[in-house]
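Chemist: The structure's right below; bear with me while I get my questions together.
Read the figures in this text as sums done on the coordinates, not as results from a lab. Everything quoted here is computed from the prediction, not taken from an experiment. In this analysis, Cβ positions are derived from the backbone assuming ideal geometry, glycine residues included, and neighbour counts consider all displayed protein chains.
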Amino acid sequence: MQLGIQNIGVYLPEGRASNLGKLAEFEIDETFVVEKIGVRSRSIMAPGESTTDLCVRAFADLQLRGGPVPEDVDCVVVVTQNPGANIPHLSARVHAALNLAERCACFDISLGCSGYVYGLSAIQAFMAANELSNGLLFTCDPYSPIIDLADKNTSMLFGDAASVTWIGKSPKLVGGRFTFGTLGSEHAELTSASSAGPLSMNGRAVFNFAARYVPADVKELLAINSISVDSVDRFIFHQGSKYIVDTLRKLLRLDPEKVPFDIIEYGNTVSSSIPIILAKDLGESAYRTFVLCGFGAGLSWASVVLTRPSDL
């Protein structure tokens, strides 16, 4: 049986920071917040809450949805660029918190907004090569500790969250061929000089990058997987902002009903933005074919086609 996605757990902290209180400070109106940024409030991790805590709570949600028994987990991969501590790797800390078996492999992937798609490819290839059966792909990039609240480009955009995707042998979704890319020459357009921040982003440059590279990549993805635009039920783009997602939809001439945008109450959750939406769509049996596309820090991008097995 081919490895694939069996289920997804999600954790969004209860804390919220409203963007509406920043209207006068940044000389903008509510229409700009809702229609351009697409974020009315941002999820914020609680004081004392760690990246490990966020991952553990995402796993608790996965268990409620029907996840693996902890002792059966043989692989943990965590996608993060903001792990909370440099040593040891976050996946080792998650392993300890979940009391997983000693035979479980653990490693991190240092990627942000493109990381979920990269992570799907990496964990499935690693598991297949080593004959593993139950893998957990976590995403956790809480940016609130590294945001400068006076920075208009970042302080109204990012929210904290975590997700965990169970990769196993009885999948609800299986992957086709992937596409990847990197524009390393422009890496400085989205950067943080140290683990303590602050995050710096050239919003216009990141937007131009996405508008230039993502549509071409999606077209290539469809071609190498021999599927048409019309046969795709959901196009789940990284939720960078409403303006970015709307622009990609228009450039690709996609049906608005097929392109979800759903971050207005919690914000851009970086590597978690795609799996948060995918978790909601996983139970909708009418959705048979998905295109996922992540793009951001690096500057990097990655896309994949996921399909539901014919017997589901």
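Chemist: Translational diffusion coefficient, Stokes-Einstein: compute it for segment 165-229 using the Kirkwood radius over C-alpha pairs as Rh, at 20 °C and 1.002 mPa s, and state it as an integer in µm² s⁻¹.
Modeler: 143 µm²/s
Chemist: Moving to a separate point now. Binned at 5 Å from 0, what are the whole-percent values of the Cα-Cα distance distribution for segment 174-307, short to long?
Modeler: Spelled out per bin, shortest first, that is 2, 10, 21, 23, 21, 13, 7, 3, 1.
Chemist: How big is segment 4-168 along each principal axis, measuring the range of its Cα positions in Å and listing the largest first?
Modeler: Principal-axis extents of the Cα atoms in segment 4-168, largest first: 56, 29, 28 Å.
Chemist: Still on this structure, please answer the following. Evaluate the distance, in nm, between pseudo-label points positioned 7 Å from the Cα of K152 and of E220 along their respective Cα→Cβ axes.
Modeler: Distance between the two pseudo-spin positions: 3.5 nm.
Chemist: Please give the direction-averaged projected area of the C-alpha convex hull for the chain, in square nanometres with one decimal.
Modeler: So the Cα hull casts an average projection of 15.2 nm².
Chemist: Hey, another quick one. Work out the FRET efficiency for I227 and A125 from their Cβ-Cβ distance, taking R0 = 22 Å, and round it to the nearest 0.05.
Modeler: 0.50
Chemist: Same structure again: Could you calculate the contour length gain from H187 to F207, that is, 0.36 nm times the residue separation minus the distance between their Cα atoms, to one decimal place in nm?
Modeler: 5.8 nm
Chemist: Less than 20 Å apart at the alpha-carbon level, and either on another chain or at least 8 residues along: which lysines does that give for K250?
Modeler: The reachable lysines, counting only those whose Cα sits under 20 Å from K250, are K36, K219, K242, K258.
Chemist: Let me ask something else. Taking only DSSP H segments of four or more residues, each worth -39500 (n - 2.57), what value at 222 nm results for the chain once the sum is divided by all its residues, to the nearest 500 deg cm²/dmol?
Modeler: Calculated from helices alone, the mean residue ellipticity at 222 nm is -8500 deg cm²/dmol.
Chemist: Hey, another quick one. Report, ordered by chain and residue number, the lysines lying within cross-link reach of K169, taken as a straight Cα distance under 23 Å and ignoring same-chain residues fewer than 8 apart.
Modeler: K280
Chemist: What does the charge count near C293 come to, summing +1 for each Lys or Arg and -1 for each Asp or Glu among other residues with Cβ under 14 Å from its Cβ?
Modeler: +4
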